[in-house]
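Notes to accompany the following structure.
The values are calculated or read from the model by the stated rules, or taken from the named source; none is laboratory data. Because the structure is a prediction, the values reported are computed rather than measured. No Cβ is skipped: glycine too gets one built from the backbone with ideal geometry, and neighbour counts run over all protein chains shown.
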Amino acid sequence: MSAVIQKITKSDQKIALLSAKPLADSEDQAIKDKDEVIKLRIQGSDEVVTIPLKALQLLNAIISNMAQGKSIALMPTDAEVSTQQAAEILNVSRPHVIKLLEKGEIPHKKVGSHRRILLQDILKYESNFKSDRRKKLDYLAKEAQELKLGYE
């Protein structure tokens, strides 16, 4: 499966806003009932499709993001991405990603002259970076409180 990236239109956002709550309620009920599978009826036919609960949870996450007007990118976690795609995911420049790769902060491999990075490695780096940043900000806020620098 290749990456599926879609920009959200205002029309998509309005439909998602209407769908978000019922979908979230269905997910909550399925979890409460300990359902492993979900049955969906296809509009305009009598056909019923059975999907795993995880697929419903993924659909709910997609609809929630669409309702907020966020664009969606869907790709398998074992997918390899280019340095440009990695930069877009991390919201940094491509040269910055290359520096991170050369420092060994994100694992990668070279295919010819091109660098390839596992999506899961990008996501792990991003998670660790955000966690580290949060710890540092909490430390700075605590220090400011203790030094009575006017932050309350």
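How about the range 83-111: which of its residues are β-branched (Val, Ile, Thr) and assigned to a helix (DSSP H, G or I)?
Answer for the range 83-111, where residues must be β-branched (Val, Ile, Thr) and assigned to a helix (DSSP H, G or I): Thr83, Ile89, Val97, Ile98.
Kindly indicate whether Glu27 is in contact with a strand residue (DSSP E or B) (Cβ under 6 Å, 6 or more places away or on another chain), surrounded by 13 or more Cβ atoms within 10 Å (Cβ to Cβ) and either within 27 Å of Lys130 (Cβ to Cβ) or in contact (Cβ under 8 Å) with a residue 24 or more places away in the chain (or both).
So Glu27 does not fit the description; no.
Among the residues of the range 98-106, is there at least one that is assigned by TED's automatic domain parsing to the domain that holds Lys124, touching an Asp or Glu at 6+ places or on another chain (Cβ under 8 Å), modelled with pLDDT of 95 or more and surrounded by 14 or more Cβ atoms within 10 Å (Cβ to Cβ)?
yes
Contact list please: Cβ distance under 7 Å, first residue in the range 30-53 and among the acidic types (Asp, Glu), second residue surrounded by 12 or more Cβ atoms within 10 Å (Cβ to Cβ) and outside any strand (DSSP E or B), pairs at least six apart or on different chains.
Asp35/Leu53; Glu36/Leu53
Any idea which residue in the range 24-82 is farthest from Lys14 (Cα to Cα), counting only those that are polar (S, T, N, Q) and part of a loop (DSSP other than H, G, I, E, B)?
Ser82
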